[in-house]
Amino acid sequence: MSSTTIVGNDDFRFEADGNWAKRPEGVNWLDVVAVHFTSENNIYVFNRGDRELIYFDSEGNHVGDWGETNFVRPHGITISLEDEIFLTDDFGHTVTKYDLNGNILFILGERGTHSDTGTTNVDYRNIKYSAGPFNYPTNLVVAEDRSFYVSDGYGNARIHHFNADGVHLRSWGDPGDKPGQFAVPHDLRISSSGDIWVADRENDRLQIFSPEGDFIRQIEGLARPASLDFGPDGEVYVFELGYRAGMFPGNKPPCDDAPGGRLSVLTQDGEVLCQIGGGDATSGAGDFYAPHNIRIDRNGDLYLTEVVWAAGGCKGLSPEDSPALQKLVRVK
């Protein structure tokens, strides 16, 4: 498959480009964990490579970077409407707020110290009880009032709500598979109505809550949803890790033909409008090996990141030249 290809169906067709970002010469990234956008629509790319924060314009031209930063393991990025950058370091157990130049505004959590959930590792199956911030936090979302919600995460089973100054307001969630419980809350977004949508990855579902954490409803039948975002017409894009990569040791696919990594487009009621990928991933754009994060910019363009190296590339299991970052542009 070439670096650019057309994928999708009659209603949702996209040109997929696996070489969109023009990285500086000699700069590599093993995994791209997440992307987000500034008010000028520059794309900030958080990755586990030579320079952990690199930013580009919408044409993929390199604009700048912060050089080598000091994260244990990058995991999530969110940029507020005021161009404040929030970065989650899951193995560092911290959330750090920066300005666009990389100056620290505040840090939540203590690096290397996690809350007590009865487990000392990154395996959600060993969580005994939920706790406060943080135990391997994954991502966050900023509300209109500048408060923000953090999904926490691999070693916890909670959503934490903070005000704009980082003061903890409330938390909800427990380990398990009942409504309001979580098994790796991996990403979260806020809908136009103000509801909090959570990618409850290992429970194969999205859960939807009020801003105060009251359970509203869920969308089931997904394949380990790692991330989600809302399209310009309210459609929901769900980036699903699937069952071909990144499985916890001992976990098994639910059936022999369980899907691999894929992108699903849903209505907000859960009706499937389009699905891309899901088979045995091939190299190049338009297919997916280890989905991790999806974000949609002001133009309606999709940016999808993958942790190819961590999910199997380090063992030679991923297809050769699987892209860690793809851009999908809607074809009308």
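The values are calculated or read from the model by the stated rules, or taken from the named source; none is laboratory data. Small disclaimer: the values here were computed from a predicted structure and weren't measured. Reconstructed Cβ throughout: ideal geometry from the backbone, glycine too, with neighbour counts over all protein chains shown. Accessible surface areas use protein heavy atoms only, side chains included; no ligands, DNA or RNA. Shrake-Rupley method; radii C 1.70, N 1.55, O 1.52, S 1.80 Å.
The table below lists the values:
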item	result
In segment 193-301, the GluC sites (Glu not before Pro) that fall in loop regions by DSSP, at most 15 other Cβ within 10 Å	212, 220, 271
Exposure of residue 178 as accessible area (Å², to 10), given a probe of 1.4 Å and all protein chains	130 Å²
Segment 171-249: C-alpha gyration tensor shape, a/c 1.5 cut-off, then a/b vs b/c	oblate
Solvent-accessible area of residue 48 with every protein chain in place, 1.4 Å probe, in Å² to the nearest 10	40 Å²
Dipole of segment 23-166, positive end: most advanced residue of 160, 96, 60 [Cβ charges, Cα centre]	160
Extreme residue, positive dipole direction of segment 32-154, given options 81, 136, 71 (C-beta unit charges)	136
Filter on 22/97; 97/252; 97/315 - keep pairs with C-alpha separation over 28 Å	97/252; 97/315
Accessible surface of the chain, 1.4 Å probe, proportion on carbon and sulfur as whole %	43 percent
Dipole magnitude of the chain about its Cα centre (Cβ charges: Lys, Arg +1; Asp, Glu -1), debye to nearest 20	640 debye
Listed residues 266, 279, 294: farthest to the positive end of the dipole of segment 255-296 (Cβ charges)	294
Magnitude of the charge dipole, segment 196-332, Cβ model with Lys/Arg +1 and Asp/Glu -1, debye to 20	280 debye
Accessible area per residue, Å², the chain with all protein chains present, probe 1.4 Å	40 Å²
Solvent accessible area, Å² - residue 206, 1.4 Å probe, full protein context	0 Å²
Prolate/oblate/rounded call for the chain, Cα gyration tensor, a/c under 1.5 rounded	rounded
Among 20-30, 223-233, the order from most to least packed when residues are scored by Cβ within 10 Å on average	223-233, 20-30
Simple label model, 7 Å out from Cα along Cβ direction - residue 233 to residue 128, nm	5.1 nm
Among 165, 152, 90, residue whose mean-square fluctuation peaks in a GNM of the chain (springs only between Cα atoms under 10 Å)	165
Accessible surface ranking that places the most exposed of 128, 327 first, with a 1.4 angstrom probe	128, 327
Part-to-part distance (alpha-carbon centres) for segment 138-211 and segment 1-79, which is given in Å	24 Å
MRE, 222 nm, helices only [DSSP H, n ≥ 4, -39500 (n - 2.57), over the chain, to nearest 500]	0 deg cm²/dmol
